[in-house]
Structure formats: C-alpha cells, structure tokens
Amino acid sequence: MALSGIEIYKHLPKTNCKKCGFPTCLAFAMKVSQKAIAITACTDLSETARAALEAASRPPIRLITIGGDSRKVEVGNEVVMFRHEKTFYHPPGLMIKLKDTAPLEATLKTVDEVANLVIDRVGLKLSLDGFAIQNESKDAATFARCVEAVKAKADLPLVLMSPDPAAMEAALEKSARSRPLIYAATKDNWEKMAELAKKHSCPLVASEPASLDELAALTQKLNQAGVEDLVLDPGPQGFSSSLNTLTQLRRLALKKSFRPLGYPIITFPAETTGSPEEEVLLAGQQIAKYAGIIVLSRFSPATAYPLLTMRLNMYTDPQKPIQMSPGIYPIGAPKPSSPLCVTTNFSLTYFSVATELEASGFPSWLLVCDTEGLSVLTAWAAGKFDAEKIAKSVKAFNVEASISHRSIIIPGRVAVLRGELEEELQGWKIMVGPPEAMEIGSYLKRYWTN
Amino acid sequence: MSRFIATSAIRGAHSVIADAEATLKDALQKMGPETPVAFTSTSYFLPVIFGFTGQKITKLGDMPAALQHARSLLPPVPRDNLWLPYLGETLDAGVATLFAEEIIEGIRFAKGQQPEQYNGHKLNGPIDDVQMRSWGIQMVDGRMPGFAAIVGAAKSNEVAVEIVRQLQSRGQLVFLCSQSNGRSIIDQLRESGVDLGYDTFTVTFGTDTYSAVYALGYATRAALSFGNVAAGDIRKILLYNKFRCFAFVLALGQVDDIKYATAAGAINYGFPVIADTVIPNILPSGVTRYAHVVSLPFDDLPGKDDLEKAQRLVQRCVEIRGIKIKIAQVPIPVAYGPAFEGEVVRRENLRIEYGGKGSMCFELLTTKSLDEVEDGKITVVGPEIDAVPDGAKVPLAIVIEVAGRKMQTDFEPVLERQIHHFVNGAEGIQHIGQRDIAWLRFSKSAVNKGFKLKHLGDILHANYHNHFGAIVDKVQITLYSDPEKVKQLMGKARAIYSERNIRTAGLTDEAVDTFYSCSLCQSFAPTHICVINPERVGLCGAYNWLDCRASYEINPTGPNKPVAKGKVIDAAKGEWEGVNKFVYENTQMKTDRFTLYSIMDQPMTTCGCCECVMVLLPECNGFMLVSRDDYGMTPCGMTFTTLMGTVGGGLQTPGMMGVGKYYLLSKKFISSEGGIRRVVWLSKNLKESMEEELKAVCEREGVPDLLDKIGDGSVATTVEDLLPLLEKKGHPALTMAPLI
Amino acid sequence: MPVEIPVEKWAGKVNEVKLGGNGRKSIVIGGETTLPFLKIDGAMPHRPAIAVEVDDVMPADWSPHLIAAWGDALEDPAVWAKKAAEYGADIIALTLDSAHPERGNTGAAEAKKTVEKVLAAVDLPVIIIGPDVAEKDNEVLIAASSVGRGQRLALGNCVDKNYRSVAAACIADGHVAIAKTPIDINLAKQLNILICDIGLAPDAILMDPTTGGLGYGIEYTYSVMERLRLAALIGDKMTSMPMICNVGEESWRQKEARATSGVPATWGDHQERALAWEGITAVSLLNSGADIVVLQHPRTIALIKDAISKLMA
C-alpha cells in the first residue's frame, strides 16, 4: 500500500533545504507519494527513514531505459491496471525485426525507411522506436557486422537477439554505448548473459516460456548476479494467452508488489499469428494490454501508422483534456475558396468537427483556437473562446493568406459571438454554423455557396 | 366515500348485471354457446375480462363463468339506515359493471350490432390493436398524456366543440359515448361539422353508457402491451394506468346510476371522474393519485362566457389528473436559445432598462396553493414598453407564484435563481444580478420585433414547466412596472430574502438525516464523489445542499442522489456509516471512508474543479487556502495548478483537499482540526472579497482579530517568510495541538 | 518460487441478451462474470458477435475498397445481407439511412418494405438502426418494430431525445433497445434507468457507448467501456447491459481509411492501412468489453472472427 504524502513527510528531515529541487519537504513528500520522484532525491534522509520509505516508494514495475542519448525508449513504471485510474505513463517501444542473414543493402534500406518514418498527426510527430536484430546466421561476426551497420545508419534503440553469449558479446562491442536491450538470458545461458549485461551496463531480457514460476526464479537469479534492469519474456503469446499472462504479470506487480516479476514485458506478436494482418491486430491488443516492447516482424508504413496512433491514444492522460496545437488545418484538400470553420483546441472537439468536415464532401479550412483544451461551450463560458480570441487567431495564423474569401463559420453554440466578431473582423461575413458537429455536412450543403 | 355515490353505483351495477344476464340467456338460447365472440381486430379477447382474470372469451359459451364472477363481486345495495365507508364495495361494483358491460357489447358483436349504426353514420366502437399500439407508443413516449372519456352531452354544441378542441390541443385522446337527456356529444360534434376519427384523435364508442367500457378495454390492453404485465395480474394493470396513463372521465350532463357504476369501474384504474353537474365530491386521493370524483358545475365555473368556462373546465380536468405541461416553443417574437445567454445589450442598441444604478428592480418567486394560482396567467401592472420613451430607466418587479404538489418553500431560491438563465436565453434581452439587484436591458432590435414586458412572463412560464415540471404544476407571473407598486412590494420582498438567509444559515447537518451526492465530475475523475451537507457546499462552490435536493426532486436519475447519513461513527470528524457506504459504492470501491469535517483523517476526495485547495503547512501547524484565480506561488511551495495536479482526479490526500470558498464560513469548517483558527494563509483575493463574511466568522468563533493574523500572497509566499509573521502576530494555530 | 496469481472475484454479471428466435436463428450475448476474455477471474459464456452493416441505400461516400469488396450487393440490402451472412456475419445490422432528411427522407412505408425484405433474405438476427435523426428514427424504427414483431430485433438508436418511443416499441413488439449515449458512464447509466422505468426489461437493452474510431477518440470509448464493465462486475445492475460498438463506420469514415489521394507517402498502402484501422479499432474495443462489433469490410469480418475465436480459446 502506498504511503500518503503526510506519512512520508513524517520521515523527512523537515528542513525545507530545497536540495531535492522542491521548495518544501511536504511538496517533495507529495511527489514521492505519487511515485513521481524517488525518495533517494532527499540526501539528508536518515538510514532508518530510508529503509522505511524505500520499499514503499519503489516503483512496482521497474523503469527500463533502452538506447543512448540521442534516442531512447523508457518503459515500465506503470502504476495502474486501467488507464482511467490514473494514466499509462510509458508507451511501449515499437521495434522492427531485422535478420543478420538478409542482404545488408536491403536491411539498411529498411533501416533508412524506418528511421525516416515521421507521421505528422495533428501536430505530433509519430515514429517507430528502433530495431530488434536477430542473429539468424548463428555467426558472431556476421551479427556484429550487421549491428554495426544498422547502428551506423541510424542510431536508434536496439534489441540484440541471440542465444549465443559469444555473438552477443561481439555485437555489444559495437553497440554497448547505445544501451541495447540484450535478448535474452535463459535458464541455460543466464550466467554469461548476466555478465555481459553487467559489463556493458545494458538491460537484459529474462526469457522463460515454461511458467511464471520459472520466470520469477530466473529473474531472481539474475538479480543475485547483480542485474537489476530486466525485461520479461514469458514466451510466445497468442491473443488469449497474451491477454491473460500479461494481465497476471501486471497484477502481480501492482497488487502483490511481487518484485521478481516487476519488470516491463517484451512481446513478439508474429510468433503466434499466421499473417501480417493478424500480427498487427495482436500488436494493437498488446499496446492496450500491458506490453512494454513490441517487436514487429516486418516494416510497413501502412500498419505502423495505425499502431502508432493506437499507442498515442492509449497513452494519453485521461484526466487531462488533450489539446491540439492551435493553427489552421486543411481538411481534405481545400482551395482558397473553400469554407473556413473555427473551433476550439480540445482534441475531441477538433476530431468531431474534422471528422464531419472530412465526411461532408467539402474540403475545408479549420481554424483551431487555443482554448486551453476546453470544448466550445466550456471555453466560451470561461471566456477563453470569444470574439477577440477568434479574431486574434485569424491574424496569428495568417488565415487571410490561405483563403480568398472573407467568410468564417462559427459553432452554433456560440451564435452570440456573431455581433462582437463582426466588430473584431471588419469586412468579414460571420456565419453561424450548426450547434452539433453532426450537422456540419447538411449545413454546408445548404449555406455554403462560394 | 359519498354514500350517495356508493348507493347509486351499486344500484347501477345491479341493473347492468341483470341486463347482461338476461341478454346472455337470450343469446345462448337463440344462437347457441358455440357462436363466436370478438371485438374489432384485437388479440386481447374481451380485454377487461381478459386483463382481470386471464380468461379468453371467444364464444358465447365462455361468458357465463365471467358473468358469474361479476355477480360474485357485487355487494348488496346499501340500506338507508346503515352507514359504511363503501369504497371497496363501490370499486368492486364498478369492476362487476365493466364485466357485464363487456359481455353485453360482446353479444352485440356476435349479433352484428356493433360497431353501432347511428344517425346514418357508423360509430367506431372499440379501438383495434394496430391503433392501440400506435397511440400506446405515443402515450409511453409522452407525446400523448392519456385520454378523456366523455360521457353524455355538453351544455351546447359550442361548448362540446370547445371542450374537444381544448383536449386535442393538449394531445389528449378523446373518447365519446353515451347520452344525456337524449343528446349525445357525438351528435353535438357532428352537427358542428367536427371531423371525428383516428386522425383527429377522437373516437366514437356508442350511444349508450355500456360502450364506455371500450375505454377501459383500451387502458387494459395498453398495460398488457406496454407495461410488461401478464393477463390476470390485475394489480399491475391498474397501477400501470394509475401512474402512466393520464386519463379521466368527464361526465357531461346528468349522472345516472349506470354512469356512476361505470365510473366506479374507471376509478379502479386511477382515472378520476369529473362531472359538469352538481354531484358529491370525493376529494381525498387513494385509488386515484389525487381526487376521485370532482364536481365542477358548468355554470359556476369562472369565465365571461361559455367558451371560457369550457376552457376552464378542461384546465381543471388536466390539473385533477395531474397532467404535466410541456411547452415546445417559447411564444415570444425574438429567437430563444442558450446561444443568446451571454449576449450584451450595448448602450447604442439599448431601448429600455429596468433596474441598475439609480433604479429599482427585484424578482421574487414564492409558493402558493394550487387553487391560488392560475397557470399561464401573465399580468402587467403599470406601463408596457411602448408607453415608455427610448433609453428610459424604469423600475420593475417580477413576481412569480408557483404551485405544485411536490413544491417546497426550500426550492424557491433555487427556482428564483433560474430567472437569470431563462431570461437571458431571449435574443436582445440581457439579465444581470438577482433578487433586489436584478437588472434587465432590452435592445432596440428586440423591442422592434415586438418584444414586450409580458413576454418575460411567457419565457418564465414555459421554462418553469419545461425544466421544473417535476415540482411545479402551475405558474403565474405578475410584472409590476408601476413605480409605486414596485416600491411597495420591495419591502415585502426584502423581508422574504432575509427570512431565507436566516433559514439557510440555520440549516445544520444535525437537522437533516439526508445529505446529497454530486457525481457530475465523474466523467473525468471517475473515483471522485462529492457528498454535500447543509453546512458544506460542493468543492466547486456551485452546488449547495438545497440545490442538490431540488435537483434530485427534478431529476431523480441525475447526478445528485440522496445519501442517508445512517449511524454516526464520529461526530467530531463528521463520519457516518451511510456516507461511507455510499462513498464506497460510488468511487469504484477506491475510497471506503469519508469524513466531512476533517482534512487530516480520510478527507473528501477532490476532483479537478474545486474553487480552492487547502493544504497543510506543517511548519505553521495550520493550513493555507489558495483559490483558483490566484496564479501566484504559495507558502507550500506549489501554485494552485501544481496543487491540482497533486490532489485532483478523485484522490483522497490527507493534509490536502479541494473546497468551495464558502466552506470557510461554515461552523463545520475543518471543525475536527479546530476550524478557522487553523487558517494561517489565504489567497489575497479571497481575503479581500470575503472580508466582511470572514470577520463575522472570526467574531463568531471568538477570535475577532484573527483575519489580521492570517498571511496572504502580499506578505509571504514561502513558509520561511510566513512563520515569523505568524509568530510576531501571535497566530493561535502556533499554540494549538500539533497536527503531525 | 511458486507465483500466486491474484484473482478478482466479481459479484456482478453482465446481462444475457437474446436476439432473434421465433423461426429466426438466435444468438445470446453477454453473461460475463469477468473482464473481457480474462479466464482467470470468471466466465465469458458467450462469444462476442460480429454484426455486419447493411444500408438500405447505396452508400454515397464509401471508400473504394469497401465498394470493391461488396460490389453490386450494395445496391440491394437483401442481396447485401445474404452476402454478409456468407462472409460470416452473426448478425445483420440494417441501417435505414435513406430515411435521413437529406439522403432520401423515406418514411415508415419504405422502412417496412426494406425490413421485410431483409428479414426474408436472411435467417440471422437483425439489428435495425435509424438515420440518427431522433424524429425520423422514431418513425422508421416503430415501423420496423411492427414488421419484425416477435423476432427480437435490436432497435437503435435509443437516445435521450427519443428513448421513450423506441423503448415503447420494444416493449410492444418484444425487441431489444440499443441505448446510445455520448461516451459518458453516468449518462449511459441514467439512460438505462430511464428505459427500465418505462418498463423495458433490463435484458432487452444493449448499450452503445458511442464509438470513437482509432485516432478519433478511441481512448475515450475504450475507458468508458472499461469503467462500465467494471461497474457491472462490481454489481451495478444499471450498467450490466452488454455493449455494442459501431466499429466499421467509425473506422472507414476517417480520412486514414477513406482518402485515396492527397495523403502523405508515410501513410503507406491504402487498403492495408484501412483494414488495420478497422481491425485494431475492433480488437481494442473487444478488449474493453464490446459484446457486438459492427463491421464493414469482409476481410475484417474474417480476421476479427478468427481473433475472437483465439481470444475465447
């Protein structure tokens, strides 16, 4: 059971020394209780206090970092079973699998494509995270060469996949500074893999398909060998076993504070699925249900995009309204003569309007005002969506340069702004749109004549 | 129970049953028991008998058993010398009558005499299933409240037409049957050229009283189709009709024994009987929701002519049955809707102003009894707008009188506060303030479109019915623009306001056994629940206990639910068994205890919209309060926004919680920790805007100079700065029991 | 070291709702005493069903991939429904879109004809969805209700504006109402209470929590569904109705699935992307508690059918 801020505060030195970065001991205690900062940030803690607090403040699922300074993936440190309970913090890494037996040229082409894949989604840049390189050749030198070449092409986080400690050693020599994830320690090779992980300060996958009991036994051995940064591989998981096993692992970590299994999980959805189409579906499920690293067997932008979107959606904070970046968005392929609508930057509002505009058959311009993530009526009531704000946005985003006409359609719910907006936007025609986004299509059909 | 009515009804029942027995005997002899019997296109057999007994009558031979049953229900006619309450007997006699009437009509069908040919027209007779279903859906979805079964004939043809028109305009189905002095309302309507038929919601049953049983057959079938009721489950059928089918019997002209007997049958269904002649009243409720039998002698009704009396008669019928009114369109000459609420009427477009600086304007809503209020009556006392010059400033009093069976005086301020919201919906009309600081501005464009003072009445009348129909049955509005009148009434209004203030202030947690919840914020803080008690407002500051109570009465399935306090666990901390149970069940089992007067021990959860956040300052042995509109740093080292991130989202955080600012003034303000004495720092804007009230509270708590000892953002934004100040001024918190 | 798996014991159970019957094939959905597909806590006695959307008019603005997949069948709802059945639909979701004031404004008479035709063409259970304009919904759903009397159709959408009429029709003709609310647990619960108040049995109600497609609010739908399902498992009877999600339409109407040109190259192959869009939306919502997913593309039907089988295994 997590300690309350007050209980933690009782153990602190109460000096408000600010060395932890917080202005008071209480403010620090509150952050610790949310597990937003480790108790060790307090340097004046007495030994007894540290002992009392450390266990209680240690994240139930260890945060694991893969990758170097330029690009890294952080997974783990989740605190809830359901995103509505708080939020899911660390989006799973999506990695593309490469084989060291494939022609290097083709491999590097894929690496290049993956590295350059940037999907712009409403102001956010979405990308895949890195590669899992498999030592298919069983040859250490080939493996190392491939790893080196990939790393030279794009310094993205890596998973190195080989059961052979020697091959792993060779590959690590070429890539250890980028902190790749070592895949994997098994009950047969764990001592050597642990050595490598320690030597190169890299995170290590503990792989044990037999049972959770044996998986826990393996992680404990690795802990004893001095490896703390672990990732779990409970073996190949189909739709049902993935859901059930990964749920059990999350529960064990969160509800039982079961340390041996308190690590993020790596999955390989292709291992249990019969087609690329099916692989994508299972990967989608694993994004929602508790995977930490997902290794995809092939790269296709057409499936990367929906998976990245799924990840973005599941890992948004449900208690904060998601905000769109304000600006002017083309919906469809609008011309200068196309309709101009205005709305707020609450994401759901934006999506409702954008979806309807998209479906209306009228390519349009959508001006999104900064209302601090509030919906139309709420923003209006809070004074964050008024005539002045709209007029300012029209100027700030240089709307007049995009369109040839001077008509702007405002949401029907704020019809009241019309008069004021006429004053603010001299020479413009202010049109009052429908109160519900659903009616936008009909509205444009009836009233848009340009 | 009226003995006269009981005697008449029971006597009538005897006569109908005797008639049915003779008719059946004759029919069986002449046609044989195998002769089929069926009403028009129905799968409910003889529906009243089917509904009451589950018996499916398909042939003459099935009838004797049912009639036997009717006979067995029949009580003896009361003797002159013996007085009994008779209600049960009369109701039984009514049921027996309906059985007998249905049997007679069934035999008539078998003989081909139904539906009846009358004066060259074919009457409709019973309603077929297809139509019943179509109307039934409208009754369930509320478009059609129910039906009026009119028995007899009106005073004149014009009166008959007006009564039917009035009923139609309310969406009420009209069933027509029987006669009075040889005339039937069917004749009266036909002679006046009124179209009768399904399309006009008027159904002709027959020219005798027996055919009135079709109305009850219709009601029975509606319950069987829409009430999830099985045939034979008569209790459910009757209750369904009592609560869902807003029907009544309107007896026009003389009421004879058979009409009494049939009416007694209708009363079983919860349908009241209203007569336009002098008969005894049976006013108390019971089987019907309100009165059972009401006499409204036509000539005694208010109204300047018969047409007005007819309107009044229907209006009274609607009230007696408790039919709620909905007004789809607010009848005013300008646009109306929420989009106009925030509109400003600027100087250049101002036509007339009521109240504001240097003028007088107030609004008052009070409760009256049902017969003191005439629904929809709007009176303007003093000059209308057209009599006032451009740009004038004129006094105004908006006096609203409401009546409702569920209305309570406690709801008056809740309803009164809605005036602002309602009036602002009109395009070109601006409303500011409330009570005696109300201020209205009418724009030129609105007045040019024909907006008048009386339209304020229309707006209010429509909105109170539409939004508060659950508690308000009748609304009348008087608008005083006569300066003398306004002045005179102002004193009275102020007395009422101050009475209300005292009452609200005197409302204590101990005085009630129910608190209210508010789950409005669960859409984004699923594990948060507010429990609102009389001495603590919701943490958003927007809802107090009375608001929540009214909201629950208006919308029992809405966000505010009653929370029974239950057994007290800790009176000092404000912990009750009932509250804990409710909290547990409504926070997805995340929070199992809740104290209402403590911030240190299991305080209330906090959502994202609290007015203020209160935080422990351990160094000062007290608490600070920061308000939402204070953007500055605070002594706890966190701004309001950072604090929200820590405490919000439905968490229970000892030492921290969200509160509404008026909680500061409550006697129960963290009373478990020592109340206002523990406040060591307040946002400056809070301190300033609530200065008077806070001073009064400090007086009340016996620390009159406390406010001066409390820090604010202008003197300290860190604990290091605050603590010496508190020490210097001798803040009482420093010497109180340690909080940690 | 033996690992002790934490098991949740739930007191509640999702209602079992039957569709079809009376000469028509029937199907039962709901009945869960556990979170979706989570065998360790309880049972999921019935597999979630796949409904396939069939419109009464040729869809005006569908993706070319959908049009190509269905071909001429799109011109006749009866043919379309038959084809959907061949592709593996468990339920036909007939949308009376032509009743929309702007898409034909047809009325009760046309609705009756269409419903009769589709009911005659297939023996699967049928869902009837109105054009999503409360007044027109009432008109055509009530007409459909009488045509399908006794065949336990599901009628939707039953929303706060028209729930009384639709619920009344369901009571009168023995159908199931689809109660639709805009992604809000309390509104969903409130509508269920109101519908039950009218007299419709709780096992004749399905909830449509409103589907946000992938990238278009799916996270809101996902979480509201999880909350509704958790509330049901805790024992709240008024959230214990099975859930239906309109996956196909909400996926294929998005530009990621529909746009044929003018999209960035980084979006990749159009058909592959569109199918993944519909498929991921379906799998996610099945995992958050959907008991019926309404799909549009034949390939998705096959993929999701297979995924459901594997999830149930």
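The values are calculated or read from the model by the stated rules, or taken from the named source; none is laboratory data. Owing to the predicted nature of the structure, the values given are computational and were not obtained by experimental measurement. With ideal geometry, Cβ positions are generated from the backbone for all residues, glycine too; neighbour counts draw on all protein chains shown. Areas reflect the complete protein model, heavy atoms only, side chains present, ligands, DNA and RNA absent. Shrake-Rupley method; radii C 1.70, N 1.55, O 1.52, S 1.80 Å.
Results, tabulated for the structure shown:
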quantity	calculated
Mean Cβ neighbour count within 10 Å, used as a protection proxy, ranking B:3-14, C:5-16 highest first	B:3-14, C:5-16
Principal semi-axes in Å for region B:117-321 [√(5λ), Cα gyration tensor, largest first]	24, 20, 16
Peptide ranges C:34-47, C:57-70, B:243-256 listed from the most packed, as the mean C-beta count within 10 angstrom indicates	B:243-256, C:34-47, C:57-70
Carbon + sulfur, % of accessible area of region C:239-313 - ligands and nucleic acids excluded, 1.4 Å	53 percent
Taking only Cα atoms of region A:135-240, radius of gyration then Dmax in Å	13.6, 41
Accessible surface buried upon C-A contact (total; probe 1.4 Å; Å², nearest 100)	5100 Å²
Those trypsin sites (Lys or Arg not before Pro) in region B:556-627 that DSSP places in a loop and that have at most 11 other beta carbons within 10 Å	B:K567
19 Å Cα-Cα threshold exceeded, pairs from B:K661/B:K684; A:K18/A:K86; B:K668/B:K709; A:K72/A:K151	A:K18/A:K86; B:K668/B:K709
Within straight-line cross-link reach of B:K259, aspartates and glutamates at Cα separation under 20 Å, skipping those fewer than 8 residues along the same chain	B:D19, B:E21, B:E89, B:D92, B:E101, B:E102, B:E105, B:E116, B:D187, B:D208, B:D276
Protein-protein interface of region B:508-530, residues with accessible area decrease of at least 30 Å², isolated chain reference, 1.4 Å probe	B:Q522, B:S523, B:F524, B:P526
Along principal axes, Cα extents of chain A, largest first, whole Å	77, 62, 38
Residue of C:G30, C:G174, C:G21 that the Gaussian network model of chain C assigns the largest fluctuation, springs spanning Cα pairs under 10 Å	C:G21
Span-like helix ranges in chain B, DSSP H, alpha carbon extent 27 angstrom or more, Kyte mean at least -0.5	B:3-31, B:87-110
Share of carbon and sulfur in the accessible heavy-atom surface of region A:327-447 [1.4 Å probe, %]	52 percent
Cβ neighbours within 10 Å from other chains - mean over A:25-32	5
Hull volume in cubic angstrom per residue (convex hull over the Cα atoms of the protein assembly as shown)	211 Å³
Chain-alone versus full-assembly comparison, region A:272-317, residues with accessible loss of at least 40 Å² (1.4 Å probe)	A:E277, A:E278, A:L281, A:Q285, A:K289, A:A302, A:Y305, A:P306, A:M310, A:N313, A:M314
q = 0.17 Å⁻¹: log10 I(q)/I(0) that the Debye formula gives for region B:514-735, counting C-alpha atoms only	-1.17
Along each principal axis, Cα extent of region A:104-150, largest first, Å	45, 17, 14
At R0 = 56 Å, FRET efficiency that the Cβ-Cβ distance of A:K19 and C:D269 yields, to 0.05	0.50
Relative intensity, log₁₀ I(q)/I(0), of region A:302-445 from a Debye sum that treats every alpha carbon as a point, q = 0.17 Å⁻¹	-0.93
Angstrom value of the Kirkwood radius, inverse mean 1/r, which spans all Cα pairs in region A:64-314	18.0 Å
Over 25 Å between alpha carbons, listed pairs B:K309/B:K368; B:K324/B:K449; A:K97/A:K174; A:K335/A:K395	B:K324/B:K449
Beta bridge orientation in the protein assembly as shown: antiparallel %, DSSP, nearest 5	40 percent
Probe 1.4 Å, accessible area per residue of region A:48-159, Å²	41 Å²
Directionally averaged projected area (convex hull, Cα atoms, chain B), nm²	39.2 nm²
Within 10 Å of each Cβ in C:178-191, the average number of Cβ atoms from other chains	2
Over region B:338-503 - Rg/Rh using Cα atoms and the Kirkwood inverse-distance radius	0.95
Computed lengthening from B:N119 to B:R235, 0.36 nm per intervening residue step minus Cα-Cα distance	37.8 nm
Net +/- balance of residues flanking B:V659 in space, Cβ distance below 10 Å, scoring K and R +1, D and E -1	+1
GNM result for chain A, Cα springs below 10 Å: residue of A:S393, A:S404, A:S201 fluctuating most strongly	A:S404
Spin-label model distance (nm) - C:A120 vs C:K25, 7 Å beyond Cα toward Cβ	2.1 nm
Nearby aspartates and glutamates by direct alpha-carbon distance to C:K83 (threshold 16 angstrom, same-chain neighbours under 8 apart not counted)	C:E53, C:D55, C:D56, C:D72, C:E75, C:D123
Carbon plus sulfur fraction of accessible area for chain B, probe 1.4 Å, in percent	53 percent
Eligible lysines near C:K161 by straight Cα distance, threshold 17 Å, same-chain separation 8 or greater	B:K326, C:K136, C:K180, C:K189
Tilt relative to chain A, helix A:47-57 - C-alpha long axis, 0 to 90 degrees, to 10	60 degrees
Within a Gaussian network of chain A (alpha carbon springs, distance under 10 Å), most fluctuating of A:L367, A:L181, A:L12	A:L12
Test item: Cα-centred dipole of the protein assembly as shown, Lys/Arg +1 and Asp/Glu -1 on Cβ, debye	1260 debye
Set B:K377/B:K444; C:K18/C:K305; A:K35/B:K590 screened for pairs whose C-alpha atoms are more than 24 Å apart	B:K377/B:K444
Semi-axis lengths (Å, descending) of the ellipsoid that matches the C-alpha gyration tensor of region B:514-629	23, 17, 13
For region B:3-110, alpha-carbon Rg relative to the globular expectation (2.2 N^0.38 Å, N residues)	1.13
DSSP beta bridges in region C:16-312 [antiparallel fraction, %, rounded to 5]	15 percent
For A:235-246, mean number of other protein chain Cβ atoms within 10 Å	4
Relative counts (whole %) of C-alpha pair distances in region A:5-57, using bins that are 5 Å wide	4, 25, 40, 26, 5
Cα-only Debye scattering, region C:147-223: base-10 log of I(q)/I(0) at q = 0.22, 0.24, 0.26 Å⁻¹	-0.89, -0.99, -1.11
Rule-of-thumb Rg ratio for region A:118-196 [Cα; 2.2 N^0.38 Å; N residues]	1.24
